[in-house]
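The values are calculated or read from the model by the stated rules, or taken from the named source; none is laboratory data. Everything quoted here is computed from the prediction, not taken from an experiment. Using ideal geometry, Cβ is built from the backbone for each residue, glycine included, and neighbour counts are taken over all protein chains shown.
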Amino acid sequence: MSAPVRIERDGEVAVVTVDNPPVNALSHAVRAALLAAIEELDADAAVRAIVLIGAGRNFIAGADVREFDAPPREPMLPGVLARLEACGKPVVAALAGPTLGGGAEAALACHFRCAAADLQLGFPEVNLGLLPGAGGTVRLPRLAGWQPALEMMTSGKPVGRDAAIGHGIVDRPADGELRATAVEWARDLASRGVAPRRVRELPLPPSRPALFEEFLLSLPEAARRLPAPPRIVEALAAAAMLPFDAAQARARTLFFECLNSQESRALRHLFFAERGAQPDRALARPVAQAGVLGSGTMGAGIAIALATGGIGVTLVDAKAEALAAGLGRVHSAIEGAARKGRISAQAASAARERVQGAAALEAVAACDLVIEAVYENMAVKQEVFAKLGALCRPDSVLATNTSTLDVDAIAAASGRAADVVGMHFFSPANVMRLVEIVRGRESSRPALATAHAVARRIGKVAVTVGNCFGFVGNRMLYAYGREKEFMLLEGATPERIDRALVEFGMAMGPNAVGDLAGLDVGWQVRREWAGKPDDPRFYRISDRLAELGRYGQKTGRGFYRYGAPGGQREPDPEVEMLIRDEAARLGVAQREIGDEEIVGRCIFALVNEGAAILEEGIAASPADIDVIWCNGYGFPRHRGGPMFHADAVGLPKVLAAIRRFAADHGERWWTPAALLVTLAERESGFGAWQAARAEAAGRAT
Ligand code: T1G
């Protein structure tokens, strides 16, 4: 393990390199070593200037998020950076790549800043439910002004080098070799006797108290209700009103208020859960060329994700017209990404070049990975996999994008089930981050590892799951949707249900989601679902609307009406009448249903199904379930996912609610999962249960 900070002399310039793979996080060891280096160099008369640089591809990606749950250990970052800034000789920051959070704050504590072209400088603390706590709130405004500081810190979005220079955060580009450029500049500063330019000594830009109040009100209401965004604005307001050190002290107090919030704990849980262990990473086979079968919405979306992720794509569709339309979708999406600045122009043209169309299946014979995204019908998929099994290279991986069909049955048709996995992308596949990697009974570890690695490589959050109806996400969605459908029949209107769940934090209400996805899609699946529950109330309203051709947004009517200008959705009295008629026909009494019951039944149905999924080994951990629901279904990230949220509520309370629902609505749908009962009776939680399992597994290996 090399030293986390090293000093090299280049004449009168000392180069201090932070070397803490993989992203140079400011761990305790780094902070201590950095402080020691500053003290040493400040006292060394032979050193007339200093360069601070990160080893590898980036400067410093922030504080070490793993340390936040442990007691703070001196030296803390604000003190280290104050000492850096107080250094008596010029300190040049040589910035590159992700320069984030405490890393950006370290850059601001230096006296001068140059940057490579790939700089991504930002303050993503808000994404962890935190705020910049090491001087960013008092230094950034002095360089960039109040509005950019407010926007950067509440959005968490990094800026590139040009914007950083435009804001006055970076002084100059470093287009040659970064280290050499920085050393040369440091030497020049020293030779000219240029004094350190300390940001804390710069004058504050003019401000007015109303600026902060107005900015806070401009934030979405959901953000204003969280702990961090208002405290970020308050910390910046303090920077405008108080002397530097007092403002920094205020920011520190606000930082700890955020750190200790349930929301930040939930967001930090997700941060690590989304980077969870990649199973068998070493067994993954290289994938340079992938075949995608079917150029419809899903196929084109998958092709876009692969191509922009650097993988060659052969997009196959036997129908020339469909193929042309698919390729058109691919090209326009890539151009759109470039236009929005999500990818550079050269990355866009490279991605476009990577996608070739073909009509014949033979075109994928040499591919490393083939992803099938044809019509969601078992016979069609089995026919395709029978051909792929004979056609494709023996070491290739064959993946089906099915969202509900049995992966084992598809794999069996291939004649080489060990090479077959599910890769369940979520629509639109080039936008949604989640991919469920489905483990068939015979899926080999290399096949699963390869699919997982490809998903991660193209920027997806990949979770390996077992094979059952709906895998993890959609199986839980059926529990959540079942309860909302029952409550529709019991008298809760679509908008009342949606509003209650959006108030809870869901990105959209389930009825609005149905209208967006198309009610015909779920209706089609349920009609083919051999195991569909025989409860006549099960998805009765969704199916009835679909039977009437009310598919949702695409037909202008679904649960809501969409005729108004701008496509706003409006409640539809016809739907309320239809629901009442169906309820009468089914003999379901109508009543007033409050938000607490709406949220409790929908969310605890999720939790109960999740517990059953864990018992069956379909999901490897509660954190995997949280990742799936926060990245695929709009579960509020500040609640950490359904299982983390259940732990926060307390499993005894969750179980008590489920038992009340069973008493009111019948055991059939409200039998508590055995795991939930066990953990509730022990007054434990899913997180503790998982930690105990991981420890036991660690002992066993
Ligand atoms: N601390 C600890 N580990 C980190 C880390 C961090 N800040 N950032 C990344 N890692 C680990 C990650 O867990 C993974 O580990 C590996 O690095 C690669 O990450 C004081 C309070 C830098 C853009 O929020 O945005 O500073 O799985 O898979 O896709 O005011 O990581 O390999 O074992 O994401 O190339 C602020 C968070 C902290 C930055 C790279 N900083 N990180 O993305 O790789 S709070 C952040 C990222 C703070 C100050 C405040 C990304 C990345 P493993 P990865 P990537």
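Within the stretch 124-139, the set of residues being of a type outside the set (Gly, Ala, Ser), within 11 Å of the ligand (Cβ to nearest atom) and in contact with a helix residue (DSSP H, G or I) (Cβ under 8 Å, 6 or more places away or on another chain) comprises Glu125, Val126, Asn127, Leu128, Leu130, Leu131, Pro132, Thr137. Within the stretch 381-410, being under 20 Å from Gly531 (Cα atoms) and in a helix (DSSP H, G or I) holds for Lys381, Gln382, Val407, Asp408, Ala409, Ile410. Considering Ala94, Ala106, the condition of being within 11 Å of the ligand (Cβ to nearest atom), among the aliphatic types (A, V, I, L, M) and at negative phi is satisfied by Ala106 alone.
Consider the stretch 564-613 and keep the residues that are outside any helix (DSSP H, G or I) and in contact with a Lys or Arg (Cβ under 8 Å, 6 or more places away or on another chain). The one that is surrounded by the fewest Cβ atoms within 10 Å (Cβ to Cβ) is Glu570. Sort out which residues of the stretch 648-701 are among the hydroxyl-bearing types (Ser, Thr, Tyr), modelled with pLDDT of 95 or more and over 20 Å from Glu597 (Cβ atoms), and write them in order of number. The answer is Thr678, Ser684. None of Arg179, Arg139 is touching a residue at least 12 places away in the same chain (Cβ under 8 Å) and more than 27 Å from Arg208 (Cβ to Cβ) except Arg179. Just one of the listed residues (Pro21, Pro72) is outside any strand (DSSP E or B), under 29 Å from the mean Cα position of the chain (by Cα) and either more than 29 Å from Ala246 (Cβ to Cβ) or away from the ligand (no atom under 13 Å from the Cβ) (or both), namely Pro21. Pairing residues of the stretch 74-100 that are closer than 15 Å to Ala49 by Cβ and assigned by TED's automatic domain parsing to the domain that holds Ser191 with residues that are of a type in the set (Phe, Trp, Tyr) and within 16 Å of the ligand (Cβ to nearest atom), at Cβ distances under 8 Å and at least 6 apart in sequence or on separate chains, gives Ala93/Phe59; Ala94/Phe59. Among the residues of the stretch 666-682, just one is among the hydrophobic types (A, V, I, L, M, F, W, C) and outside any helix (DSSP H, G or I), namely Ala673. Screening the stretch 271-297 for residues that are out of contact with any strand residue (DSSP E or B) (no Cβ under 7 Å at 6 or more places or on another chain) and within 12 Å of the ligand (Cβ to nearest atom) and picking the one that is modelled with the lowest pLDDT gives Ala277. Among residues of the stretch 445-459 that are closer than 18 Å to Val292 by Cα and in the same structural domain as Ile302 (by TED's automatic domain parsing), those with a Cβ under 9 angstrom from a residue that is buried (at least 22 other Cβ atoms within 10 Å of the Cβ) and acidic (Asp, Glu), sequence gap 6+ or separate chain, pair up as Ala447/Asp419.
Would it be correct to say that Leu121 is surrounded by 22 or more Cβ atoms within 10 Å (Cβ to Cβ), in a loop (DSSP other than H, G, I, E, B) and within 13 Å of the ligand (Cβ to nearest atom)? Spelling it out, it is not the case that Leu121 is surrounded by 22 or more Cβ atoms within 10 Å (Cβ to Cβ), in a loop (DSSP other than H, G, I, E, B) and within 13 Å of the ligand (Cβ to nearest atom). Restricting attention to the stretch 408-429, the residues being in contact with a strand residue (DSSP E or B) (Cβ under 6 Å, 6 or more places away or on another chain) and under 25 Å from Gly634 (Cβ atoms) number 5.
Filtered by the rule that a residue be touching a residue at least 60 places away in the same chain (Cβ under 8 Å) and either surrounded by 20 or more Cβ atoms within 10 Å (Cβ to Cβ) or not assigned by TED's automatic domain parsing to the domain that holds Arg200 (or both), the stretch 142-151 gives Arg142, Trp146, Ala149, Leu150. Of the listed requirements (1) within 12 Å of the ligand (Cβ to nearest atom); (2) of a type in the set (A, V, I, L, M); (3) part of a helix (DSSP H, G or I), Leu143 misses just one: (1). Would you tally the residues in the stretch 90-104 being under 15 Å from Val138 (Cα atoms) and in contact with a Leu (Cβ under 6 Å, 6 or more places away or on another chain)? Result for the stretch 90-104: 2.
Among residues of the stretch 530-558 that are farther than 21 Å from Ala479 by Cβ and in a loop (DSSP other than H, G, I, E, B), those with a beta-carbon under 9 Å from a residue that is modelled with pLDDT under 95 and among the β-branched types (Val, Ile, Thr) at least six positions away or on a different chain give the pairs Gly549/Thr555; Tyr551/Val521.
Would a scan of the stretch 478-492 turn up a residue that is in contact (Cβ under 8 Å) with a residue 60 or more places away in the chain, under 19 Å from the mean Cα position of the chain (by Cα) and either closer than 28 Å to Leu270 by Cβ or away from the ligand (no atom under 16 Å from the Cβ) (or both)? For the stretch 478-492, residues in contact (Cβ under 8 Å) with a residue 60 or more places away in the chain, under 19 Å from the mean Cα position of the chain (by Cα) and either closer than 28 Å to Leu270 by Cβ or away from the ligand (no atom under 16 Å from the Cβ) (or both): absent. Scanning for something away from the ligand (no atom under 11 Å from the Cβ), under 25 Å from Ala251 (Cβ atoms) and surrounded by fewer than 20 Cβ atoms within 10 Å (Cβ to Cβ), does the stretch 49-64 turn up at least one residue? No - not one qualifying residue is present in the stretch 49-64.
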